[in-house]
1. Checking residue 120 against (1) surrounded by fewer than 17 Cβ atoms within 10 Å (Cβ to Cβ); (2) touching a Ser or Thr at 6+ places or on another chain (Cβ under 9 Å), only one condition comes out false. Which one?
2. Of these, 24, 8, which one is assigned to a helix (DSSP H, G or I), in contact (Cβ under 8 Å) with a residue 24 or more places away in the chain and open to solvent by less than 70 Å² (accessible area, probe 1.4 Å)?
3. Taking only pairs six or more apart or across chains, which ones have beta-carbon atoms under 9 Å, a first residue in the stretch 73-94 that is touching a residue at least 40 places away in the same chain (Cβ under 8 Å) and surrounded by 10 or more Cβ atoms within 10 Å (Cβ to Cβ), and a second residue that is in a loop (DSSP other than H, G, I, E, B) and of a type in the set (Phe, Trp, Tyr)?
4. When both residues are 6+ apart or on different chains and their Cβ atoms are under 9 Å apart, which pairs have a first residue that lies in the stretch 41-54 and is without any contact (Cβ under 8 Å) to a residue 12 or more places away in the chain, and a second that is among the aromatic types (Phe, Trp, Tyr) and open to solvent by less than 80 Å² (accessible area, probe 1.4 Å)?
5. Counting only residues that are at pLDDT 95 or above, give me the helices (runs of 4 or more DSSP H) lying completely in the stretch 44-121 with at least 2 of them.
6. Taking residue 128 as the residue in question, decide whether it is part of a helix (DSSP H, G or I) and either among the small types (Gly, Ala, Ser) or touching a Gly at 6+ places or on another chain (Cβ under 6 Å) (or both).
Amino acid sequence: MLATLEKGLNTINSPLSRFGSWVGGLMLIIMTIIVLLQVLFRYILNMPLSWTDEASRFLMIYMTYLCLPLIYLQDKNIAMTFLLDALHGTRIRHLLMVVIHILAILTFLVWIKFGYDFFLRGNSHADSLPIKMNVIYIAPPLLMAITLLSAVQKIISELRQFFHYTPAEDAPKA
């Protein structure tokens, strides 16, 4: 049953996270071009563009949140793993990972709640771009909710490994 749930979540999370990373990569390219334009106009043509800083900042916000589900699924986030490394190959490690993912979900829920509250209050326009700030403020709660799905998938995976644990010495030889 846990394997079925994990597989079902993976069919949702995997394409979403890959799509997010592709869009984030495209935004990185666009942001690089914008910054190069800013350097060209400011230091070579001596005519700075007013919108480039804000556009770069907004692209960076979206890039971060779009790539977060993939980073979470692939365990590429920053972590201190000395305890997990010491527990490698033990059953207790899987329980500890469940606790860690639950704590992450609680953090994501707080982030989603306050991000949504901020989104509701962001009815103003950007300073130099013709967009409402709601467009920017929706990124954290929406994309953290998608990251939350990744954390649920990781919990199910860890529980499956805990319940179907095979010690390293009993594992079949390849």
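1. (2)
2. Residue meeting the stated conditions: 24.
3. That search, which allows pairs on different chains as well, returns 91/165; 94/165.
4. 47/41; 48/41
5. 52-73, 91-121
6. no
One line per residue, one yes/no per condition, for (1) within 23 Å of residue 14 (Cα to Cα); (2) of a type in the set (D, E, K, R); (3) open to solvent by less than 80 Å² (accessible area, probe 1.4 Å):
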position	(1), (2), (3)
101	yes, no, yes
106	yes, no, no
127	no, yes, no
131	no, no, yes
138	yes, no, yes
141	yes, no, yes
144	yes, no, yes
150	yes, no, yes
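The values are calculated or read from the model by the stated rules, or taken from the named source; none is laboratory data. Quantities reported herein were computed from a predicted structural model and do not represent experimental measurements. Virtual Cβ from ideal backbone geometry, glycine too; neighbours counted across all protein chains shown. These area figures cover heavy atoms from the full protein model, side chains too; ligands, DNA and RNA do not enter into them. Shrake-Rupley method; radii C 1.70, N 1.55, O 1.52, S 1.80 Å.
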